[in-house]
């Protein structure tokens with residue numbers, strides 16, 4: 001049988017029909033994309049981290065003065081949680097706002113379920129968690145954070161956990177709740193009370209086993225082993241600030257974002273110029289690292305070798321880098337006033353830093369600490385890479 005031969009013209013026509021015109025509509029993957037919150041204008045900027053460039057801007061997302069995002073499991077869609085209670089779905093590839101719902105009066109973050117089908121939002125007003133279908137943003141569950149005699153609590157520290165669960169903390173009640181969402185219409189809630197005063201934020205370890213909530217109303221943290229719920233909540237690091245004067249807190253520290261490196265966790269000390277080091281085998285204090293100011297974000301590079309720290313005002317022009325072997329500060333950078341957030345590229349070779357007061361995104365090499373790129377942005381804050389879609393608790 002003779003081989004078939006096609007003219008170049010026919011091959012071009014075939015490729016246009018089946019693959020599209022690459023020049024007019026280039027195909028791209030989603031794995032190197034990131035979403036940047038522009039807090040003052042209700043917009044997000046979509047960037048790519050291979051060549052460090054800006055791709056587009058999407059508007060109409062409401063109040064983003066305190067906003068975060070999670071991603072669909074295919075990394076195409078971002079779900080953005082705004083301070084005004086808005087839940088927005090953004091198409092990262094076509095750069096458009098797909099859907100938006102104003103689901104509460106004041107919200108503080110959210111999570112996406114293990115199977116990617118549910119998006120949950122934690123709310124201040126009214127207190128509680130609302131859960132939505134990720135495809136349509138149709139509400140499928142409402143979990144009011146009621147406690148005591150018809151009191152309602154603010155909800156913070158909402159994360160996804162294995163077993164199709166969401167875990168979150170109640171600021172006013174001093175409780176941690178675990179919601180099993182196998183039947184979204186009737187979630188099964190397990191409640192833990194008296195975990196400590198004012199849990200303010202939380203992280204879940206990368207393996208999804210431990211939920212760690214910081215306590216604003218007292219020195220210490222609350223630890224929940226999600227493999228052994230019957231063991232209840234364990235208090236760790238009690239009185240870590242004993243004997244030291246607690247300073248005014250100008251910006252709430254953040255735990256979500258992971259600072260787990262090897263067998264150590266690195267967390268901000270509330271009201272102190274310190275990063276605390278916790279042994280994750282014993283969950284006891286393993287060290288204290290004096291730093292430039294009051295830590296806000298304490299984030300580990302993906303390989304765990306470095307931890308990067310930014311600070312509250314008046315020290316929010318500085319970023320410090322801790323070597324996790326020596327527990328020493330190995331670099332101090334001054335990107336400029338208003339450093340609000342940091343995000344590592346998926347394999348950690350570069351880190352993106354938002355510098356609000358300079359209207360800039362700055363990208364640094366994590367090996368040499370050299371500045372690699374600077375991009376304009378409108379009062380940037382949170383930076384979220386699509387690689388988070390494949391990680392528990394992010």
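Taking the Cα centre of each part, how many Å lie between the range 269-297 and the range 152-196?
Computed from Cα coordinates, the inter-centre distance equals 26 Å.
Rank these for me by crowding, 254, 66, going from fewest to most other beta carbons within 10 Å. Don't skip to the answer; put the middle values down first.
Numbers: 254 22, 66 18.
Fewest-to-most ranking of 254, 66: 66, 254.
In deg cm²/dmol, rounded to 500, what helix-only [θ] at 222 nm does the chain give when every DSSP H run of at least 4 residues adds -39500 (n - 2.57) and the total is split over its residues?
-1000 deg cm²/dmol
Taking the simple approach of a point 7 Å from Cα along Cα-to-Cβ for both residue 94 and residue 133, what is their distance in nm?
1.9
Between residue 391 and residue 378, how many nm apart are label points set 7 Å from Cα along the C-beta direction?
2.8
Between helix 8-19 and the chain, what is the angle of the helix's C-alpha long axis to the longest principal axis, kept within 0 to 90° and rounded to the nearest 10?
So the inclination is approximately 30 degrees.
Counting only C-alpha contacts under 8 Å and six or more residues apart, can you give the relative contact order of the range 128-215 as a whole percent?
Here the relative contact order equals 21 percent.
What FRET efficiency do you get for residue 115 and residue 323 if R0 is 30 Å and r is their Cβ-Cβ distance, rounded to the nearest 0.05? All intermediate terms of the calculation are to be shown ahead of the outcome.
On the way: r = 38 Å, r/R0 = 1.27.
Efficiency, from the Cβ-Cβ distance: 0.20.
Which FRET efficiency value, to the nearest 0.05, do you get for residue 197 and residue 146 by plugging their Cβ-Cβ distance into 1/(1 + (r/R0)^6) with R0 = 22 Å?
0.70
So I have [x] 28.3, 115; [y] 22.0, 90; [z] 35.4, 111, and one of them is Rg and Dmax of the Cα atoms in Å calculated from this model. Which one is it?
Only one option fits the structure, namely [y].
For 252, 299, what's the fewest-to-most ordering of other Cβ within 10 Å of each Cβ?
On the way: 252 17, 299 20.
Sorted ascending by nearby Cβ count, the order is 252, 299.
Using label points projected 7 Å from each Cα along Cα→Cβ, tell me how many nm separate residue 227 and residue 56, to one decimal.
The answer from the label model is 4.4 nm.
Which residue fluctuates most in the GNM of the chain (Cα springs below 10 Å): 168, 192, 266?
Comparing 168, 192, 266 in a Gaussian network model of the chain, the most mobile one is 192.
Give me 303, 219 ranked fewest to most by other Cβ atoms within 10 Å of their Cβ, as a rough exposure proxy. Could you put the intermediate results ahead of the total?
Working: 303 14, 219 18.
Listed from fewest to most nearby Cβ atoms, that is 303, 219.
Values in this text are rule-based calculations from the coordinates and carry no lab data. Owing to the predicted nature of the structure, the values given are computational and were not obtained by experimental measurement. Every residue, glycine among them, receives a Cβ derived from its backbone with ideal geometry; neighbour counts consider all protein chains shown.
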